[in-house]
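The values are calculated or read from the model by the stated rules, or taken from the named source; none is laboratory data. Keep in mind that this is a model prediction, so the values were computed, not measured. Note that we place each Cβ from the backbone using ideal geometry, even for glycine, and neighbour counts take in every protein chain shown.
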Amino acid sequence: MAFLSAVKLQGRPPSISSNLNPNPKHVGSDSVSLDVSIPDSERKPRKFSSKLSRWNRARTLRSGVKVDRTINNESNSTTGPIVNIPDISTVESDVSSINGDHGTDFMAAKSIYIVSDGTGWTAEHAVNAALGQFDYCLVDRGCPVNTHLFSGIEDRETLMEIIKQAAIEGAMVMYTLADPSMAEAAMRACKLWSISSLDILGPITDAISSHLGANPSGLSRGVSNSSLNEDYFKRIEAIEFTIKHDDGALPENLEKADIVLVGVSRTGKTPLSTYLAQKGYKVSNVPIVNGVDLPRTLFEVDSRKVFGLMINPVVLQGIREARAKSLGLGSGFEIKYSELRSVREELEHAKRIFAENPSWPVIEVTERAIEETAAVVLRLYDERQSNRAMPRISKCY
């Protein structure tokens, strides 16, 4: 089928063997309805490639049902179920057998179909965030879960084929379809075939539409070429600028930066700069080194764009030790670079600089992911650029 080219599978779903119904029940005004013939026998064990990434294999094994939690299995369908699903309490979640190079059998894997008319980034991340709430489950306490991403789905025939396959497999369908008619067709088809489904984008779009008093465009992300090109070239320009101004390079251009990061070595300045650049911000970062003066231009730029980074000395020592070993540096340099006393001295020096410049917010990066630190930087940046402060949270760095 044509839609298979848009599929990123972690575990290939079974083939579609059903034919079109000669007397279809229409889903929407011009939708395609498919007759689904599903055998009453239990589903066969799923096979997964032995070359799956460790993350995907772990997700497949770890996901499951917690015994002491109530699970809502209420169907949104008014028609009888068309899929016979075996009792999940009798299904093992562990590996049943190893088939050499062909893959590994996992019993009764639950499937989640992610359908999008764009890249699928929004839906995929939303589903993964929700699945993260079930990481506490042990392998032998539930059933494995595998996700299938169907991106770039823009016609109803392909959409109906995917939903038909979900019905055959007993999968849940999550979708982000900007076109209201496509979303409506997906919703009706899922109801018709008793498929558990969720429109991820629809409720948010409807709420914003009501709040703004305006109708949504119904276009998938990236359809507007002028908007895409403008945003694309802005990000490219920001990335090029950030690479050229990494680690204190070209300090005379600090005024041209949107954001300036200041901190000692290994506080995450470079990865944080790169992450922010991908969002379209031109970022310079300046290292604080004992015995080396900071560039004069750092104190001349708009202080609203300067952010200091601070980290726990013990954590920083561990990071530096690992860095020195990975580079194969000599023992003398390693002692000076990662010795706890030297680390503390550098951080104390940084604290004095930050104290002399109280207008620079200092962000604690210990145990924080790059995304978390970036969120704090962008929130503070937005507040300072717009001369407003969010209540209660504006001082929590």
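Odds and ends about this structure:
- Taken as a whole, region 203-226 holds no residue that is crowded, with 20+ Cβ neighbours inside 10 Å and at pLDDT 90 or above.
- Residues (touching a His at 6+ places or on another chain (Cβ under 7 Å) and surrounded by 24 or more Cβ atoms within 10 Å (Cβ to Cβ)) located in region 261-295: Ser284
- Of the residues examined, Val362 is one that is among the aliphatic types (A, V, I, L, M) and over 13 Å from Leu276 (Cβ atoms).
- One residue stands out among those in region 303-331 that are among the hydroxyl-bearing types (Ser, Thr, Tyr) and modelled with pLDDT under 90: the one that is nearest to Thr373 (Cα to Cα), which is Ser326.
- Test: residue in region 178-197 that is modelled with pLDDT under 95, closer than 17 Å to Thr119 by Cα and either surrounded by fewer than 16 Cβ atoms within 10 Å (Cβ to Cβ) or not hydrophobic (A, V, I, L, M, F, W, C) (or both): yes
- Here Ser394 clears all of (1) closer than 17 Å to Arg266 by Cβ; (2) modelled with pLDDT under 90; (3) of a type in the set (Ser, Thr, Tyr); (4) under 33 Å from the mean Cα position of the chain (by Cα) except the condition numbered (1).
- Put simply, of Val306, Val314 the only residue that is among the β-branched types (Val, Ile, Thr) and surrounded by fewer than 20 Cβ atoms within 10 Å (Cβ to Cβ) is Val314.
- Scan of region 232-245 for residues that are part of a helix (DSSP H, G or I), of a type outside the set (Val, Ile, Thr) and either surrounded by 14 or more Cβ atoms within 10 Å (Cβ to Cβ) or free of Cβ contacts under 8 Å to residues at least 24 places away in the same chain (or both), ordered by number: Tyr232, Phe233, Lys234, Arg235, Ala238, Glu240, Phe241, Lys244
- Residues that are part of a helix (DSSP H, G or I) and under 26 Å from the mean Cα position of the chain (by Cα), drawn from region 141-168: Thr158, Leu159, Ile162, Ile163, Gln165, Ala166
- Out of Glu334, Glu300, Glu372, sole residue that is at negative phi, exposed (fewer than 15 other Cβ atoms within 10 Å of the Cβ), in the same structural domain as Asp247 (by TED's automatic domain parsing) and modelled with pLDDT under 95: Glu372
- Those residues of region 354-369 which are surrounded by 15 or more Cβ atoms within 10 Å (Cβ to Cβ) and part of a helix (DSSP H, G or I), in sequence order: Phe354
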